[in-house]
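Q: First, the structure itself, so that you have it in front of you.
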Amino acid sequence: MLKREEIFPVFRKTRYVVHVDLDAFFASVEVLLNPELKGKPVVVGGLPHERGVAATCSYEARKYGVHSGMPLRQCYKLCPQAVFVRGNYHLYQAFSEKFFRILREYTPDVEEASLDEAYLEFTRCRHLYPSFSETAREIKRRVEKDLGLSVSVGAASNKILAKLATKKAKPGGFFELQPGEEEEFLRELDISEIPGIGPKAQVMLRLLNVHKIADLWKLPLGTLRSLFGAPSDELYLLSRGIDCRLLEVEGKPESFSRETTFLQDIWDRELLLAHLAYLCDRLASALRREKLYARVVEVKLRYSDFKAVSRRRRLLLPVQETSRIYRVARESFLELWEGSRLALRLVGVKGSELVEARHLSLFEIYSEREERLSQALDRVREKYGFGSVLTVREKMLGEVYPEDRSRGFILKTASLTR
Ligand SMILES: [Mg+2]
């Protein structure tokens, strides 16, 4: 077998990647703003009797076995004394923005992995920092001081090792993995620590008596391929701490799309249009958030036989408003679908060729009233969830799927940004 130095000599010797992760983020914000909660188990996501799952649990709550993603009722059973908070996404967003502003002061190479989690790389600005290690520690101190939140930091030669280092540092610590220590570090870790090994893969591997990462090293690549197919190669490398993925540093997005895959194929025209309206509304809301307008609106359909068709329309005036996007999308949809009237398994809408408002003289053309209405709508939805306000057409979805739109009929609704 090749030694890793022989495969990726450059990366290993020169990269310095730092992974920064706020500890129990939502819960920590709640504690910060309400010091009475300090030291108590806190569950953010809803009240004990409500549907839904915990978004974050404080470390005090985790001692009772509750964790994020667990249904609230179950959290309550395990830890009835916990303080349950609905949470305020808007507030967390504000903290998150401040968090990323601090990180960007140190390097432009920042990947936003989630609201409270980032990768930083110093490879491009090495001449600015005499010691990466000291800089990573300074960032940790800055975040703690300026935000008042606990943060864990891991540093290593690539993304996966940095992330695993953070995990070891949690909560509130700093851990730096030195070159040459990778093998010892990885050896005893559980296979579930490797991204890409989901619950199903874990079951398969455990049947083969593979529990630790060191066990995984013994499986030949051929065996992995026969088990998992194409993703095996990455798995093979990641499990050895070899990761040449670069940071996904955000530029301006190139497009936004929203699509829904149905659990059962749909051929009801009005229901399909209701779904389309909902997706247009979501798309418009994403565009408004980024203050962008789309020059191209594209509709995609997938028939029950998996054949996909799409139609894109380039507009004279870029659009951002729900009603305008829907008007264009509806027309394309009907052109595509009316001919066949076959059942669909997926409907999607995409906005691309994005332009910023300042490049347009739109405000003379578009009504200020609609603009104000949209802004008010966004504020309400930010606070109470997207489903809190729906248009008449979208409301039909609520009537068809009264219990919960995401169950029974819809397999998944995906947001894609490219
Ligand atoms: Mg976190």
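The values are calculated or read from the model by the stated rules, or taken from the named source; none is laboratory data. Nothing here was measured: the structure is a model prediction, and the numbers come from that model. No Cβ is skipped: glycine too gets one built from the backbone with ideal geometry, and neighbour counts run over all protein chains shown. Only protein heavy atoms, including side chains, enter the accessible area calculation; ligands, DNA and RNA are left aside. Shrake-Rupley method; radii C 1.70, N 1.55, O 1.52, S 1.80 Å.
Q: Along the Cα→Cβ direction, 7 angstrom out, place labels at Arg225 and Ser323. What is the inter-label distance in nm?
A: My value for the distance between the label points is 5.8 nm.
Q: Report the paramagnetic label zone for Asp268: residues of the stretch 286-324 whose backbone N is under 17 Å from a point 7 Å from Cα along the Cα-to-Cβ axis.
A: none
Q: Something else: Round to the nearest 10 and give me the degree value, 0 to 90, for the angle of helix 368-384's Cα axis relative to the longest principal axis of the chain.
A: On a 0 to 90 degree scale, this one is about 40.
Q: Another question, if that's okay. Using Cα atoms only, what is the angle between the long axis of helix 269-289 and the major principal axis of the chain, expressed in degrees (0 to 90) to the nearest 10?
A: 60 degrees
Q: Still on this model: Compute the distance in nm between two label points, each set 7 Å from the Cα along the Cα-to-Cβ direction, one at Lys218 and one at Met204.
A: 2.0 nm
Q: Another question, if that's okay. Please go through the stretch 42-114 and write out the GluC sites (Glu not before Pro) that DSSP classes as loop and that have at most 14 other C-beta atoms within 10 Å.
A: Glu50, Glu105
Q: Next question. Calculate the length of the line joining the C-alpha centroid of the stretch 218-266 to that of the stretch 100-176, in whole Å.
A: Value for the Cα centre distance between the two parts: 24 Å.
Q: Residue separation times 0.36 nm, minus the C-alpha to C-alpha distance between Phe100 and Arg86: what's the value?
A: 2.6 nm
Q: Return the sequence-ordered ³J(HN,Hα) values of the stretch 146-151 in whole Hz as given by the Karplus equation 6.51 cos²θ - 1.76 cosθ + 1.60 applied to θ = phi - 60°, using x for Gly and Pro.
A: Once θ is set to phi - 60°, the couplings for the stretch 146-151 become 6, 9, x, 10, 7, 9 Hz.
Q: From Cα pairs below 8 angstrom and at least 6 apart in sequence, can you work out the relative contact order of the stretch 1-180, rounded to a whole percent?
A: After rounding, I find 27 percent.
Q: Something else about it: Using the alpha carbon gyration tensor of the chain, what are the three equivalent-ellipsoid semi-axes (square root of 5 times each eigenvalue), largest first, in whole Å?
A: In descending order, the three semi-axes are 39, 27, 25 Å.
Q: How much solvent-accessible surface does Cys57 expose, in Å² to the nearest 10, with a 1.4 Å probe and all protein chains in place?
A: 0 Å²
Q: Residue by residue through the stretch 210-215, what is 3J(HN,Hα) from phi via Karplus (6.51 cos²θ - 1.76 cosθ + 1.60, θ = phi - 60°)? Round to whole Hz and write x for glycine and proline.
A: Calculated HN-Hα couplings, in order: 9, 10, 9, 4, 4, 5 Hz.
Q: Let me ask another. Taking 0.36 nm per residue of separation and subtracting the Cα-Cα distance, what length does fully extending Arg51 through Gln74 add?
A: The Arg51-Gln74 span can extend by a further 7.2 nm.
Q: Suppose each label sits 7 Å from its Cα in the direction of the beta carbon; what would the Arg341-Leu316 distance come out to in nanometres?
A: 3.4 nm
Q: If you take all C-alpha pairs in the stretch 229-354, what percent of them are over 22 Å apart?
A: Percentage above 22 Å: 45.
Q: Identify which of Gly385, Gly45, Gly180 has the largest mean-square fluctuation in a Gaussian network model of the chain, with springs joining Cα atoms closer than 10 Å.
A: Greatest mean-square fluctuation among the candidates belongs to Gly180.
Q: Among residues other than Phe175 whose Cβ falls under 12 Å from its Cβ, what is the net charge (Lys/Arg +1, Asp/Glu -1)?
A: Net charge around Phe175: +3.
Q: Using 26 Å as the Cα-Cα cut-off, could you pick out the over-long pairs in Lys40/Lys170; Lys40/Lys140; Lys77/Lys168; Lys167/Lys291; Lys159/Lys300?
A: From the list (Lys40/Lys170; Lys40/Lys140; Lys77/Lys168; Lys167/Lys291; Lys159/Lys300), the Cα-Cα distance tops 26 Å for Lys77/Lys168; Lys167/Lys291; Lys159/Lys300.
Q: How much solvent-accessible surface does Asp305 expose, in Å² to the nearest 10, with a 1.4 Å probe and all protein chains in place?
A: About 100 Å², ignoring ligands and nucleic acids.
Q: Give me the percent relative contact order of the chain, please, defined on Cα pairs under 8 angstrom at least 6 residues apart.
A: Reported relative contact order: 14 percent.
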